[in-house]
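Here the structure comes first, spelled out in structure tokens, and everything after it is commentary.
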Amino acid sequence: MELINFESLNSRKEEIKKDYQSKKPFRYVMFENFFFKDKADLIYQNYPAIENDVWDGTNYLDQKNKFQKTKFESGSILEKVFFELNSDEFLKWLQDVSEVEVPLIADEELFGGGLHQSINGAFLNVHVDYNFHPTTKYHRRLNVLVYMNKDWKEEYQGAVELWDLSNGNKVQLGKYAPHYNRCVIFETNEISFHGHPKPLNTPKGVNRKSLATYYYSKSRPENEIANNHNTLYVNTEGLEGQVKRFTSGVKAFLERINKK
């Protein structure tokens, strides 16, 4: 059973590649219908509820109400979907589209990736990602995000924002709502700022769902190499962003106190 619509991806590869390669100052692309429609529905139906499963929902100063899951039942459709996202076939497709100069490497550990789910009030401030995998020490090169939200409304917020903050700029390059079966791919480097900083405004029972996989390489161009760092956040919202960070920080602090 194939979940990713490789026939469609291959038929659209040159179009997607042209779009991706045309973007500056870092490259990215958005397109629809990543999975076969019936398989997307199957993944959606098997997406575990936060209340009924084990998720990591730790809050931080720049991240609130976001849950992550990286371990799945053997033989399940969720295990299979990440197997395909890390498969040689998808890696080859990504290599062709991205033109990364050395072989891309998947991350079976799904460090930082896997299933994501965010509830009302959730946000993830604009940031650049950590640049080295903590275990393998490989260079982080690409992010692939697939959204799984049916009937998503604009007032729910939760759009992923891509920003140019290089050389004193403050320009929003792209803004994509997390619509069902929509894929966003972008390169990860020291200027690939992104996030969904607007707090979710969702009704009860509606969560922001996404699948995330990250790809690495053993080397990268010398001019792109920076010292090893964790995720680096920025405030793109002025005073409103400062207030939001403060309240999130208080919640994270109280969580840690209660766990002791």
How many of the residues in segment 149-181 are assigned to a loop (DSSP other than H, G, I, E, B), closer than 27 Å to residue 42 by Cα and not hydrophobic (A, V, I, L, M, F, W, C)?
10
Against the condition over 29 Å from residue 231 (Cα atoms) and surrounded by fewer than 18 Cβ atoms within 10 Å (Cβ to Cβ), how does residue 92 come out, does it pass?
no
Members of segment 17-37 found to be closer than 19 Å to residue 92 by Cα, exposed (fewer than 15 other Cβ atoms within 10 Å of the Cβ) and not charged (D, E, K, R), listed by number
21
Considering only residues that are surrounded by 19 or more Cβ atoms within 10 Å (Cβ to Cβ) and among the charged types (D, E, K, R), which ones fall in segment 51-68?
62, 64, 66
Looking only at segment 172-192, and only at residues there that are closer than 17 Å to residue 33 by Cα and in contact with a helix residue (DSSP H, G or I) (Cβ under 8 Å, 6 or more places away or on another chain), the one that is surrounded by the fewest Cβ atoms within 10 Å (Cβ to Cβ)
177
Within the set of pairs 6+ apart or on separate chains, which have a first residue in segment 154-183 that is over 15 Å from residue 233 (Cα atoms) and at pLDDT 95 or above, a second that is among the polar types (S, T, N, Q) and not in a strand (DSSP E or B), and C-beta atoms under 7 Å apart?
155/201; 156/201; 156/202; 157/201; 178/149; 179/149; 180/149; 181/33
Flagged in segment 182-229 as polar (S, T, N, Q), within 16 Å of the chain's Cα centre (by Cα) and either assigned to a loop (DSSP other than H, G, I, E, B) or under 18 Å from residue 100 (Cβ atoms) (or both), in numbering order, are 188, 189, 192, 207, 213
Any chance you could count how many residues in segment 102-117 are farther than 30 Å from residue 200 by Cα and either among the aromatic types (Phe, Trp, Tyr) or buried (at least 16 other Cβ atoms within 10 Å of the Cβ) (or both)?
3
When you go through 143, 125 one by one, which is the residue that is touching a strand residue (DSSP E or B) at 6+ places or on another chain (Cβ under 6 Å), farther than 24 Å from residue 32 by Cα and not in a loop (DSSP other than H, G, I, E, B)?
125
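The values are calculated or read from the model by the stated rules, or taken from the named source; none is laboratory data. Being a predicted model, the structure only gives us computed values, none of them experimental. Don't worry about glycine lacking a Cβ; one is built from the backbone with ideal geometry, like all the others, and counts go over all protein chains shown.
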